[in-house]
Every structure is written in structure tokens, then in C-alpha cells.
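All of the numbers you see were taken from the coordinates with simple rules; none came from a lab. Being a predicted model, the structure only gives us computed values, none of them experimental. Methodologically, a virtual Cβ is constructed for each residue, glycine included, from the backbone with ideal geometry; neighbour enumeration extends over all protein chains shown.
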Amino acid sequence: MLKNYLKIAFKVLLRRKFFTFISLFGISLTLVVLMVGVAFFDHSLAPHPPETNAGRTLGVFLVHFTAPGGRDSYSFPGYALLDRYVRTLPNVEKVSLYTFPTTAVSYKDGMPITSYLKRTDGEFWQILGFDFLEGGPFTSQDEKDGNFVAVINQTTRKKFFGGEPVVDKFIEVDGQHFRVVGVVPDVPMLRIVPFSDIWVPISTSKTDAYRKQFIGSFMAMILARSPADLDMIRAEYRSTLTRVEFPDPKDISKATGEAETLLDIVARTFLLDFEGKSPARRFLAWLILLMVLFMVLPSINLININVSRIRERSSEIGVRKAFGASSLTLVGQFVVENVLLTLVGGLIGFVLSFAVLHLIGSSGLIPYAQFQLNYRIFFVGLGITLFFGLFSGVYPAWKMSRLHPAVALRGRG
Amino acid sequence: MIRLTNVDKVYRTSQIETVALNNINMEVKEGEFISVMGPSGSGKSTLLNVLGLLDVPTRGTVRLNGGEVTSYRDRDIARIRNREIGFIFQTYHLISDLSVLDNVEIPLLYRRLWGSERRKLALAALERVGLSSRVHHFPSQLSGGQQQRVAIARAIVGMPSILLADEPTGNLDSQMGDEIMDILKSLNREEKTTVMMVTHDPRLAAMTMRTVRLFDGRQVN
Amino acid sequence: MAKHLLKLVWNRRRTNILIVIEIFFSFLVLFVAVTLGAYYAHNYRQPLGFSYENVWNIAVGSLLELNFDRDRDALGARANITKRLLATLRDFPEVDAAAAMPEPIFDISKSTQTVHYKGRRVGATVNAVTDTFKDVMGLELVRGRWFESGDDALSWDPVVINQRLAQELFGSEDPLGKNIAPPDEGRESRVVGIITEFREDGELAGLDNYMFTRKKLTGVADDFAHYIVVKVRPSTPTAFQEKLMARLRAVGRDFSYEIKPLPQIRKSFLRISMAPLIAVGIVAAFLMIMVGLGLVGVVWQNVTQRTTEIGLRRALGGTAGSIYGQILGELIVITSIGLLIGTIVVAQLPMLGVASFLSINVYLTGLGMSLALIYLLTVLCGLYPSMLATKIQPAEALHYE
């Protein structure tokens, strides 16, 4: 039965090659756009190494500071605020403090090399699961002792040392000298938590001023004992902020904020909603709505093309009905044909998405981007393709199959 | 077996009304071989369509073996079309994308049969109409007479109890026409198939048991 | 004929409505993309007003307090740093001139101010620069003079404005010597010179009113400047950056420095500025393709529905050309309806004051190009199905009873 359907499906598609091409083109193009969008989203926000503990990690990214006059600002918290109030949160497994990556210039043979520099504590390496290519991370002891050690990424190793083993070699960054203790693979720039080219201990900062700052350029990672603890930690953080004693209450009197995931902070940035509960769910809902809207146009086009194609076959429909095909059977047949078409379109879409993502990755527009089509994205794409097939096949097929055979045979649709 | 009561068939567009059938009352008994005659536009094909459940009357009832078909659900009508009825169209209506064998198999697709079963029955039907040598050809490669024979094979492959033929010899020469008539007659005689045939050839009508005459959508004598 | 087509289109309005909506939306998006592109293209062709070749930018940041503007003591402790840095830079033979300013070039950050004259209030982008700035950037004076060291002793503040600001604030009057400070302001700001142009945000940005005020290096805490621009001798090697960096660090140990050639900054800023255009462009392209596919489908639907009619027209003597004409004609009518609604919506925009930075010329160019593109798309999409329609034989179409 299926074989018969497939046989005729192929014949029909080949009969009107141009319109088959149009349908395939529309489906694959939409798929490429959607898949690239999903891959982008997945690349930036979904858990990937080295964020191996993302399921039980929360971050402190932005804090809302208020001055007595009512003026306020959203800023990164300072070291003092995080060290005194976040490191001391109860019931957490580990806390790490690290800076926002800044650009640092080094000179090699007179030529400037610009790298991103991030200062972290030892706990940073214990929460994140980096796969060291050489050596290992620096430790909390290094941080305490103020040792000038550094972890660098592959590309930095190549830029400075031409790719040879570098542990225990020295590197100059922004006027300071560090001993390399480890090398890690490149981290994509969009993964802002781990991202950098060079990582060094916080205590190697050029001045000590950061130790007293409540507003600064630091962020924190909180590792919970289990995912179930996350809500509790959120609550604790919220209430801890209300108990903060500021050094200069005339300057800043209040701080509010949330411990949250990267998705939360991205959602807030897009929806401009920084107060209260995370709008992550709303953000995802908007994205899904956008995806659906994106698919509406091509679906409508497909329906139109299908209606015409089926109308052309009214004679065949009449014959099949005359010989005992029920309306349901006919709808089934046409849906199979349409799903076949859209699966082919889907396949083309996959291949093209692969190519496009590879192109974006290798173009260097976004440093170290590693777009991949993983199984999650595969299933989204498959779902979208099937949605297309069913949606655009059912309506025209149903319309046509309801005709009396005599009407269909006459050719009037 | 088939009974039409007060059947009208009216075609309506936004401005024009065409009466194709007007107050038809007739009965077809099992095993009959009937011809339907009348000038062009008299409603012959329409009558056949109604008898063959290809169309529904605007008014009146159609009864098949006692059951009022006009009120049946689509699924049940489909069943009847599949098991009880075989239709031979004047313009063949073969599916050009399928081979002769695949065309003949179509009615069997809607029954629960294995592919090998279907193949066997289809080949038997083609043998009956003398087309065993053209099984894998496509309709475009056949002559008019051969296409008509494929249409007949398709109509009989499911062994229906009722066969309806709309001008089955209309596009054929007299020799071919006679051959077709022979097949119909043998089906009626041997398998006791009820046959209803539209024709405008009095010679053929004479070979049937009785003739229904139509004029302007009405039965006349 | 047109009436006939309109009738046909109206009679099948249900199917056509979808296409009209599709065309309407894609026209809107296309209009935004094309107009934005025209705007950028128009801006790009205007002169920059300065030269960026052989100019290096040094971003100076404080290591001690991030927001040290809040901490007056920290400021006072590091007085004179800009003056000292500039003096050090001039010592190098490779350096022709060096100047300091608070606002960066080729960057979204900017400072604005309102200037006053005879009751008129006009907004302008403002930057406070040291006297050598004109030499570093190669500004072109058309009237009056630039800042000079003697200005330190003045009891009023000198300003230099661009021609556009001169035109908008003074009209046909002579700006030189006039005061443009707010009426309740004690100290006067007088125009001493007029330059052709200074487009701080680069070639893609809009055309602004611009004003330079004079940055004094008299040792008061306020004289710190975040950016220093240096004119280096042509063919100065990049290796010189390292020497420069070492000296800067020696002079100001509490500060961080980032040295980048201005042409490089310009390039990356251009890329960022183009991002919105590229994003809208991609969406517009996608929509156009989808609408195009939709149009082809709809026209074909049209054709298959009316094989009888078409065959009949042919049997009655219609030529292939007339078939093309009819089908394409209907298509153009449908498109025109969608475009008409779109144009009406788009015409409201300038009246509502949306995107007032667009000049009428750019607006009309954008509108014209969008209309032309959509019509072109429409005709292209209608060609193949119409071609199929002309292939229909009369006999095949009229084959029953």
C-alpha cells in the first residue's frame, strides 16, 4: 500500500518539476533560517562543556544599585560585595568569583597581540569542567599567594609560542609577566561565563582597589549541591542582598538582584525586564511564537501549491473514489505524498544548515564559534518539517476528497 | 436490487438551473443486462452516475438491496463502491502515471490484501480482457481499444455484483466494439453480474434485456 | 480591460486576500531595508571632515576607581595626567601632534548639548578638545580661527562649530563673535571659528550639528581626558606601539592604555553599524523569496482552476499574448492593491515624525525602489505559470459532454 503511494507520489512530483522545486526551495530555506537560529540559541545558552555543571549552577551577573536620591544603575557587582555576601551563602557547594573579560595588549617582536583577559579565583576551575590540553589550572592557593600564573587557550598558545608545549614558559600580558601552567581548548565567545583567551588569578590585578569595591566588574558562579537546591539559593541570595551594609550609604543605599542562569539574564536583556522573577519563560514563548510566524508564510504557500496540484489530479481522485477509496483514505494518500515532499525538503534543509553554520563558524565573525547540529536541534528540525508536511497537506487533500466522484471526474474543482 | 424513487438531479450555478434528471422512478433487478438510451443531453450519464453512487440526487432516494444509500456515511458508500460496484468510464480515466497493472490494481488497494494477492487478481482480470502481454505498459503507449479494455479489467478485478458502463464502445471501431460486448455479455451470463450500459447504438441496445429511454431528463417509452 | 481585471480579482477575493496581505507585509519590511540602505549610502558619500590615516587612538582608563568621577579625592591625586601624557608623546620624533578629548571617534558614545541664540534652541554633539586637535585630525577651517594658547586668559569660552550648526542656529547672520550659551549661564560661549564638518561617528552616521569646546590643561582635576589621538609620521612601524606603551605606563602607572590605529577602529565600527541593515536585509530577502514562491503558487492555482476558460478563450481566437496579458494583468492588480495599502501606511510615517533623521530624498528613493522591486518580483513570478497557461489546448479543456 505504502509502496503504491510512494510510487505515485514520485511520479506526481516529477511531473511538475518546477513547482516541486519551488516547494522544496521554500521548505529548505525556511528550515535553514530556523535551524541556524536554533543552533545559535543552543550554542550560546544551552549547557556545553566546559559548563558541565550547568544544571546546578546559578550566576550573579547584574545588581541593581539605588542611590538615596532615587538615582539607580544596573552594574556588575564589585569584589567586596561578592566576597563578603555571596561567598558566605549557606548550603552551597562552592562559589567562584571572576571578572568580565577585558582586552589586554601584549607585544611580541614589536607586534601587538590583543587577547581577552579574565581574572578568576581557584574555585573557577573546580566548578567548570575544562579539558586541559596541557598542564592544569591554578589553585585557590595560587590566588592567596598572589602567584603570577596563567592558563591560556589553544589559539593564544599558537599566537605566542607557535603551538609548541608551553607549560612553565612565560607570557607578557598588559605589562605583567605570567608563568603558563595550563592550556585549554578555545571557548566560544558567546559563552560569556567561561570565555577568555587568558585566565589569571584575581590577586595579580595591577592595583588592590578592587578589594573594597561594591560596584565593579566581577561576576559570581554558585554551585549548588543538587538541582533541587536552586530555588532555595535564589531565595537566600535575595534576602542576603537586603542585609548588605554599604560603605558609603550616601552614595549607594540599596542593592537588589537575582541569582540566575544565563538564559534568565539574556531574557531580561531582550525583554528589558530587570525586576522580579525571571522572564525566561516569556522569552522562550516569544521565540516560539516568532518561529511559528516564520513558518506561516511558507506553509500558506505550500497549501496553495498543493491545492493546485491536487486539482490537477481531480480525475485520479474521481477514479479512486469511484472504486471505493473513502475520503479519509484519500486524505491519507495525499498526506503521505506531502510528507514525502517535505522530508526531502527537510533533508536539503539540513545539509544547507550544516553548510551555513560551518560558513559562519569559519568566517571568524564570532571568535571561536563552534556551531553544531546536535540531536536536540535535529529533532526540532524534524518536528518542523513534519509540521509543514501535515499542515500543508491536510487542508487541500480534505477539500478535494470530499467531492463526489462524478464532480471530480468532470474536472471541476 | 437497485431502486430509484422520485429522483431529481438539478445543477445549480449562481444564475442558471439545469435539470438533468426529472422524477425518475426505476428498478434494476439482480442479473439484468440493461441499456440506457437517449439523445445528447437527455441525462443518460447522469442517471448512470446516480445508479453507480458516483453522484447524489438533489431529491429522491436510491436504494441498494433495501438500504437507502443516500443517507449513508462516506465510509459506507466507499465500501459499497469498492465491493459491489465497478464503473467503466466513457473516457477511460486511466491514471497516466501508473502502469496498466497498477491501474487495474486500484480497487484492490482499498481492501486488505497482500501485494501478491492483488497482483494475481489483476493479472487474471487482464487475462480475461486479453491484455496479458501489455501488463507493464503505460496508458499512453496503448490504443483506444486497449485502454478501454484496461478500464474494463479495472472494473471487474474486484468481482463486483454490479457493472456500470458509460458508452463503453463509443470510441472504438465496430469489431473492437463487438469484442467488448462479448466480454460484458459473458460476465452477465457466467458471473451473473448485473450490467447497466449507456449507449446510443441501437444495435448494441438490442443485445440487452431491456432498454430505458430518456428524453430531457425524463423516462419515456 | 482594467475594469475587467478588477472584476475578476474581486470575485476571487478570498484567495487573493492572502496574497495581498503577504505583499503588504513584505513591502513594509523591504521598504525599511531599502530606505535604510539608501540612507547609509547617502551618508557614506558625504565628506567626513577629518582624516584618519596615520592617526592612532589611545584609550586611557583608570585602574584605581572604575567610577572615579564619583571620587573627587582620587581625581585630585592624579592631576595633570593628561598634560603629562601629551608632553611625553610630543617628545617622540615619530609623533607629529597629539591631542586629548573625552569623547571617542568611531564609537556610539557621544555627548550632546543645547545651544542658544536669539531665542532659538538647537541641539548639537559636543566634544572638548585640546588646541592641537585640529592638527592631529586635519580639520578644515572656513571662517575665523581655531583655539590657541592665548585663550587660557579669556573670560569667556571659545567654541568652534561646523557649517551645519552655523546654518541652523544663525541662518544668514555671521556667527563669529556671537554668544551661544544659555541665557541664564554666567560665562559666555562665543563662536571663534567655523569648520566644514566633523562626523564623529563615521561615514554611515547621520549628519549632525557639531561643536568643539576648548579643553584647558591648567592642572584642575577636571582636565582628565579618556582619549588621546596621536598623528604619527607616515610609515611608522607598528612596533612603535610597544615603545609608546612602555613610556605611557612609566608616566602614568595608575592607568591602563589601549593603543589602536584609528583606521582599524573605523573598520570595526563600520561593521557594527552595518549590523542592523544586514539583519533587516536578511529578513526582507527571506520574505521576498517566500512571497515570490507564494505568488507563483497562487498564479498556478489560478491557471489550473480555469483551464476550461483559457481553452475556450483560445478556441475563440485569443492569442498567447492575450493569455499572458490577462494572467499577469490580474497579478499586477493584486500586487497594486497590496502596494497601495503599504504606500498609504508608509506615507504616514514622516507625518508622525518617525525616523525624522531621514531626508525626503532618501525616503522617496527608498519608496520608489521598494515599489519597483516588488513589481519586478511579481512579474517574474507570474511568467512561468502564465507560460503554462498558454500551452493549454482548446480541445483538452473542453472535453466532456
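Some observations on this one:
- For segment B:58-112, applying the loop criterion from DSSP together with a ceiling of 15 other beta carbons within 10 Å to the GluC sites (Glu not before Pro) yields no site.
- Chain A shape via C-alpha gyration tensor axes, a/c threshold 1.5: prolate
- Alpha-carbon centroid distance for the pair segment C:261-337 / segment A:109-188, whole angstrom: 55 Å
- Counts of other chain beta carbons within 10 angstrom of each beta carbon in peptide A:302-313 average 5.
- For segment A:48-69, no residue has its backbone nitrogen under 17 Å from a point 7 Å from the Cα of residue A:140, taken along Cα to Cβ.
- Ordering of B:24-31, C:17-24 by burial proxy (mean other Cβ atoms within 10 Å per residue, highest first): C:17-24, B:24-31
- Residue mean of other protein chain beta carbons inside 10 Å, A:5-13: 2
- Local net charge near residue C:121, Cβ-Cβ under 15 Å (Lys/Arg +1, Asp/Glu -1): 0
- Taking a Cβ cut-off of under 15 Å around residue B:177, the surrounding Lys, Arg, Asp and Glu residues balance to a net charge of -4, with basic ones at +1 and acidic ones at -1.
- Each residue, residue C:59 and residue A:289, gets one label point 7 Å from its Cα in the Cβ direction; the gap between the two is 3.7 nm.
- Listed by number, the DSSP H helices of chain C that run 24 Å or longer by alpha-carbon position along their axis and have mean Kyte hydropathy of at least 0.5 are C:13-44, C:262-305, C:320-352, C:360-390.
- Close Lys-Lys pairs in segment B:2-220, where close means Cα under 24 Å and separation is 8 or more or interchain: 9
- Taking other C-beta atoms within 10 angstrom as a stand-in for reagent exposure, C:244, A:293, C:364 fall in the order A:293, C:364, C:244, fewest first.
- Ranked A:5, A:74, criterion: other C-beta atoms within 10 Å, fewest first: A:74, A:5
- Per-residue Cβ neighbour rank within 10 angstrom, fewest leading, C:274, B:37, A:35, C:351: C:351, C:274, B:37, A:35
- Nearest-ten-degree value, helix A:327-363 long axis tilted from longest Cα axis of chain A: 30 degrees
- Segments A:317-323, B:39-45, A:269-275 sorted - mean Cβ within 10 Å per residue, highest first: A:317-323, B:39-45, A:269-275
- Just so you know, the Cα atoms of segment B:53-139 work out to an Rg and Dmax of 15.6, 46 Å.
- Contact order relative to length of chain A, as percent, for alpha carbon pairs under 8 angstrom and 6 or more apart: 24 percent
- FRET efficiency, 1/(1 + (r/R0)^6) with R0 60 Å, evaluated for residue C:380 and residue B:211 via beta carbons: 0.50
- Sequence-distant lysines (8 or more away, or on other chains) whose Cα lies within less than 21 Å of residue A:277: A:254
- Against the main long axis of the alpha-carbon atoms of chain A, helix A:2-15 sits at an angle near 90°.
- Beta-bridge orientation, chain B: approximately 50 percent antiparallel, per DSSP, counting only bridges with both partners inside.
- Tensor-based shape of chain B (alpha-carbon gyration tensor, a/c under 1.5 rounded, otherwise prolate or oblate): prolate
- A simple spin-label model places pseudo-atoms 7 Å from Cα toward Cβ; at residue A:164 and residue A:176 they are separated by 2.7 nm.
- Think of the protein assembly as shown as having a plus end and a minus end, set by charges on the Cβ of Lys, Arg, Asp and Glu; of A:152, C:114, A:190, A:190 sits farthest toward the positive end of this dipole.
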